[in-house]
Amino acid sequence: MFKTMLLSIILYLVAVCGFSDGSATDEVGSPLQPKIIGGRNASENQFPFVVSILYKRRRACTGTIITRKFILTAGHCVKNKRREDITVKAGFDFWEDKNAIFRDVRGIRVHPQYRIHNRTSFDIALVKMRHPLAYNRAIEPVTIPAFRQKLPVGTKATFVGWGLTQFQPYIISPPILQALDVTTISRQDCKYFWLYLDINTICVSSETSSAIPFKGACRGDSGGPLFVGNMQWGMNTRSSLNCSGLYPIKFIEVSRFSKWIRTTISRDYYKKRTTCRM
């Protein structure tokens, strides 16, 4: 798989050199791609723990249900944003589903070590909803691994998100929740594509084909889960600049933050507070 991905990128770079100004490594100047994520449509209630994070009522990020009150997502999705501008949309697979549930936000807790200029390190946050969710077939919590529990290299997993399925030549938002089957790869293989890998990072790749040569994350997938079964092992934090699908997908390793997640939820910082410290 790794050799196939590397070969695809070499062929891509050759094409870029032939059609651009020669800046093959500059993603902003790369040629247009017909489809970026290259995933598949989710079936009804297949991923009941996945939600969409709305900013001013427009889709912005993806998240997962941890408890009836708390949603896990990426720190940059909610950092420095007013809670009044954020809404959680749950219980749906089709964007226009009239049965979708909307929840206002009461509080936001971004990891204290998160910094926007170095967002890959601690880019994780918990969002507390003003009113709890009621579990049913379309709304269920995900489980998280034990502290520092490892996901072995070569494990088959699934990445789910509400991100764009096309960024260029025009933007396409999916009407149906998207899923991508992936395989975890070693840090050594991942470093061929990403110059910097934080210790909290899991990397995955996906098999490509001539029909769908590029697969990966795009804008709106931030906060999306990497899971095996019903356990969330990773959380998406970054896609390539123009969603080219050229590189392995990077995730925060959720097990490194399981203690922080459980402690934050158990303390319930916003239980008696009426204001939110951003």
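General remarks:
- Label-zone membership for region 62-79, site D268, 7 angstrom Cα→C-beta point, backbone N under 12 Å: 68-70
- The accessible area of V153, taken with all protein chains in place and a 1.4 Å probe, comes to roughly 100 Å².
- Each label point was placed 7 Å from the Cα along the Cα-to-Cβ direction; for Q113 and E207 their separation is 3.8 nm.
- Here the gap between L195 and T183, fully extended at 0.36 nm per residue and compared with their Cα-Cα distance, gives a gain of 2.3 nm.
- For V254, net neighbour charge (Lys/Arg +1, Asp/Glu -1) across residues whose Cβ lies under 14 Å away: +3
- Segment R40-N99, length gained on full extension (0.36 nm per residue, minus Cα span): 19.0 nm
- The label-point distance for S258 and K56, in a model that sets each label 7 Å from Cα toward Cβ, rounds to 3.9 nm.
- Burial ranking of peptide ranges 189-202, 76-89 (average Cβ count within 10 Å, highest at the top): 76-89, 189-202
- Between region 81-104 and region 122-162, the alpha-carbon center distance in angstrom: 17
The values are calculated or read from the model by the stated rules, or taken from the named source; none is laboratory data. The shown structure was predicted, so the numbers you read here are calculated from the model rather than taken from an experiment. Note: ideal-geometry Cβ built from the backbone for every residue, glycine included; neighbour counts use all protein chains shown. The protein model used for the area step is the full one, side chains on, heavy atoms only, and it has no ligands, DNA or RNA in it. Shrake-Rupley method; radii C 1.70, N 1.55, O 1.52, S 1.80 Å.
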